[in-house]
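Working notes, beginning with the structure itself.
The values are calculated or read from the model by the stated rules, or taken from the named source; none is laboratory data. Just so it is clear, the structure is predicted and the values come from calculations on it, not from any experiment. Cβ: placed from backbone, ideal geometry, glycine included. Neighbour counts: every protein chain shown. Ligands, DNA and RNA are stripped out before the accessible areas are found, and what is left, the full protein with its side chains, is counted by its heavy atoms. Shrake-Rupley method; radii C 1.70, N 1.55, O 1.52, S 1.80 Å.
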Amino acid sequence: SVGRPHVCQQNYPEVSVRLNEEGTTTLSMKVMPDGSVTNVTVAKSSGYSRLDDAAVSCAGRWRYKPASQDGNPVEMNWQANVQWKLH
């Protein structure tokens, strides 16, 4: 399932800002038992490789509440959208 869209304004590539590139990058990742994310890949492109690369970079710093099974945290595959919007 996909959670609410993330915003990575601090990672917006300068060239993309100048060219008015906007879109949504869908990322696939694994949420680890400690809440960190690994194996971040682009599942669906925004249409701009600069934005997709910036989304992958931004996602590396995210933390999630991990899934649990029998009361213990477990790793889980997850998808999230990064919305790139200038205004």
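Here are the numbers:
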read-out	value
Among (1) under 10 Å from the mean Cα position of the chain (by Cα); (2) surrounded by fewer than 16 Cβ atoms within 10 Å (Cβ to Cβ) - the single one Thr38 does not satisfy	(1)
Residues being open to solvent by less than 30 Å² (accessible area, probe 1.4 Å) and either over 12 Å from the mean Cα position of the chain (by Cα) or free of Cβ contacts under 8 Å to residues at least 40 places away in the same chain (or both) - total across region 1-32	5
Of all residues making up region 50-85, the number that are loosely packed, with under 14 Cβ neighbours inside 10 Å and touching a His at 6+ places or on another chain (Cβ under 6 Å)	0
Matching residues in region 35-56 - criterion: being farther than 25 Å from Arg18 by Cα and not hydroxyl-bearing (Ser, Thr, Tyr)	Gly35, Val37, Asn39, Val40, Ala43
